[in-house]
1. Looking only at the chain, where both bridge partners belong to it, what percent of the DSSP beta bridges are antiparallel (to the nearest 5)?
2. Taking the dipole about the Cα centre of the chain, with the C-beta of Lys and Arg at +1 and of Asp and Glu at -1, give me whichever of T229, I285, P216 is farthest to the positive side.
3. Kindly rank 133-142, 76-85 from highest to lowest mean number of other beta carbons found within 10 Å of each residue.
4. Among residues other than E110 whose Cβ falls under 9 Å from its Cβ, what is the net charge (Lys/Arg +1, Asp/Glu -1)?
5. What are the ³J(HN,Hα) couplings of the stretch 271-276, residue after residue, when phi is run through the Karplus curve with 6.51, -1.76, 1.60 and θ = phi - 60°? Round to Hz, x for glycine and proline.
6. Mind ranking 186-198, 169-181 by how tightly packed they are, going by the mean number of other C-beta atoms within 10 angstrom, highest first?
7. Tell me, what is the percent relative contact order of the chain, built from C-alpha pairs under 8 Å that lie six or more residues apart?
8. Enumerate the lysines that K56 could reach by cross-link, defined here as Cα to Cα under 26 Å, with residues fewer than 8 away along the same chain left out.
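Each reported figure results from applying straightforward, stated rules to the coordinates on display, with no laboratory input. Predicted model only: the values in this text are computed from it and were never measured. Because the Cβ atoms are built from the backbone with ideal geometry, glycine has one as well, and the counts that use them run over all protein chains shown.
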Amino acid sequence: MIRFLHTADLHLSQKEKEYSLSVLREIVFAAIEEKCTHILICGDLFDRNSDIAALKKDVIEILKEFPGKIFYIPGNHEELGLSPGDYPISADLSPMSYPQKGESVKLWLEENDGVSAEFFGFPFRRNLDDSNIQFKPKTVLYRIALLHGTETKLVEYLGPSPEEADSILDSKPFQDAHFDYLALGHIHSKRHETSGSMIKAYPGSPRIVSMGESGPRSVNIISLGKNGTPVLKHRVLSSAGEYKEFSLSATLTGEVPDLVSVSSQFSKTDTVKINVSGIVEDEHIVSEILNRFCETAICRKIEIKKSDLKTSSALIDNPVAKLFYEKLKEKQSNWSGADAPDWNQILVLGLEQIEKNAGKK
Ligand SMILES: [Mn+2]
């Protein structure tokens, strides 16, 4: 049996050193626990080229804990900060094995327990298709490729980020050469597809690289047995946490009543974004409440978006709005019935309508 852990797009960075290295540690731990013989790292292991020199000592120390082999290809991010055409890896990154400068592909031939497999590692390049790759007839049980780029059938939407639109991968030559598994990197959300008998899979980024990357972060574990069919499973990484986003509204007096219930919906490894909207009388009060919340929130990272928050004074410069506001306040203070309406909602709706009509003139 050959069993490998497939990951990509960890984006180790000095900026988030502790967090990104903690996820690398869990990846190695997972590979050991799953009894993997190999780890495949399919590009963008480092966020920028300068991160290689800065973090290589820590990375090597962590990777040395793994008793099997580690195959690696550089992605487009390893080139960031370099002059075009320069090969991104000049340092010795063993125990990782990877294509060297000038090598357009590296072939590893592996055998374990009567199971044989070829692993082809392609360093990132912007054009990889029928015209520049050719394979000899398959003589082993499994053929695996390590690739970094956008497989268009697996990625339905190619924008607005130009990142996804460059580096198109054509999987046809791999299918024609009877590959069994394409170990892909570049796309940060996990996905896979089987075409014919070939699995094409992005494990997704094993950590949160950018805000908005929601869902559990995971790696792929692939088992190659004697029957010639790879078996794929996902393994969630708990140290990566999850990205969680909440939309809350502030009351006119600046309180955010749902903040309390939100804090029970994330944990210390999570990355949190809270969008606050509404109309408030005094922006300072709501800012103070939100700052205090951020200081005490138990999570890895928190960001609050206040751009949808409006102050009533700005709107009340409009004489119609001012009249509406005063009438509403009067009605509110004279209210004696049991079921009081949501005054804040009425105010927000009313002011929004007045603002919209004012804009039409
Ligand atoms: Mn990439």
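1. Values: 23 of 69 bridges.
Looking only at bridges with both residues in the chain, the antiparallel portion is about 35 percent.
2. T229
3. On the way: 133-142: 13.2, 76-85: 14.8.
So the peptides 133-142, 76-85, ranked by packing, come out 76-85, 133-142.
4. Working: positive: K69; negative: E111, E118.
Result for the local shell: -1.
5. Values per residue, Gly and Pro as x: 10, 10, 10, 10, 9, 10 Hz.
6. Numbers: 186-198: 16.5, 169-181: 19.0.
Going by the mean number of other Cβ atoms within 10 Å, highest first, we get 169-181, 186-198.
7. On the way: 733 pairs, mean separation 46.8, N = 361.
RCO, the chain: 13 percent.
8. Straight-distance partners of K56: K15, K17, K35, K64, K69, K101, K106, K301.
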